[in-house]
Amino acid sequence: MVLPRHVAARFLALLLVLAAASPSQAVDDPSGDWLVAKRYAIIRIANCGGQIWGIVSWALRPELDKNNPDPSKRSRPTLGMPVILGMTMSKPQEWSGEIYNSRDGRTYDASISLSKPDVLHVEGCVLGVLCGGEDWTRVTRSTTGAPMDSPNAGLSSPETPEAICTRLTSAAGNAH
């Protein structure tokens, strides 16, 4: 069956509109700001040419990376520090790689996955068998609320996703 040209053109246009409006496209990338489960930090995630990187972009109580195994890094602030380290897509809506935990100074094999457009599940493992995870919430003006906007509620980093990508992909070997 051959469709008239004008019908085929309208059908093609409709398919393009539906593909552009597809809700799955909105959740194919974890880029953005994410409030960690215990609400003490926000991680800004950027997609840097297919690799996912994340830094601490806001901290309730900024600290130093005092537990880092590298003594030269123990005096660096955690604000702006990379924690999601060059993850790559392993499945649709899932990325695998490493995550750095400044609370214990260890880097873990990890994965992140979008369980909903505004929920990022983060899971880290030791030796591939001892795993733990938590859900992070996408940050918007309505989720940040007044406390995070007040001057005494922590510090934030103005670093843009582009700046994150430039800084971290050029120094990938020294990211944590």
| said: Tell me whether the stretch 48-65 contains one or more residues that are modelled with pLDDT of 95 or more and among the charged types (D, E, K, R). | reply: yes
| task | Only residues that are at pLDDT below 95 and either exposed (fewer than 10 other Cβ atoms within 10 Å of the Cβ) or of a type in the set (A, V, I, L, M, F, W, C) (or both): list them for the stretch 23-36, please. | result | P23, A26, V27
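Yes/no per residue for (1) surrounded by 14 or more Cβ atoms within 10 Å (Cβ to Cβ); (2) out of contact with any Pro (no Cβ under 9 Å at 6 or more places or on another chain); (3) modelled with pLDDT under 90; (4) not aliphatic (A, V, I, L, M):
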{"position": "I112", "(1), (2), (3), (4)": "yes, no, no, no"}
{"position": "K116", "(1), (2), (3), (4)": "no, yes, no, yes"}
{"position": "E123", "(1), (2), (3), (4)": "yes, yes, no, yes"}
{"position": "T137", "(1), (2), (3), (4)": "yes, yes, no, yes"}
{"position": "R141", "(1), (2), (3), (4)": "no, yes, yes, yes"}
{"position": "S157", "(1), (2), (3), (4)": "yes, yes, yes, yes"}
{"position": "T160", "(1), (2), (3), (4)": "no, yes, yes, yes"}
| request: Being more than 18 Å from G133 (Cα to Cα) and out of contact with any Pro (no Cβ under 8 Å at 6 or more places or on another chain) is the filter; apply it to the stretch 76-88 and report the residue that is surrounded by the fewest Cβ atoms within 10 Å (Cβ to Cβ). | output: T88
| Within the stretch 68-78, can one find any residue that is among the polar types (S, T, N, Q) and under 20 Å from the mean Cα position of the chain (by Cα)? | yes
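The values are calculated or read from the model by the stated rules, or taken from the named source; none is laboratory data. None of these values were measured; they are calculated from a predicted model. As a convention, Cβ positions derive from the backbone with ideal geometry for all residues, glycine included, and neighbour counts pool all protein chains shown.
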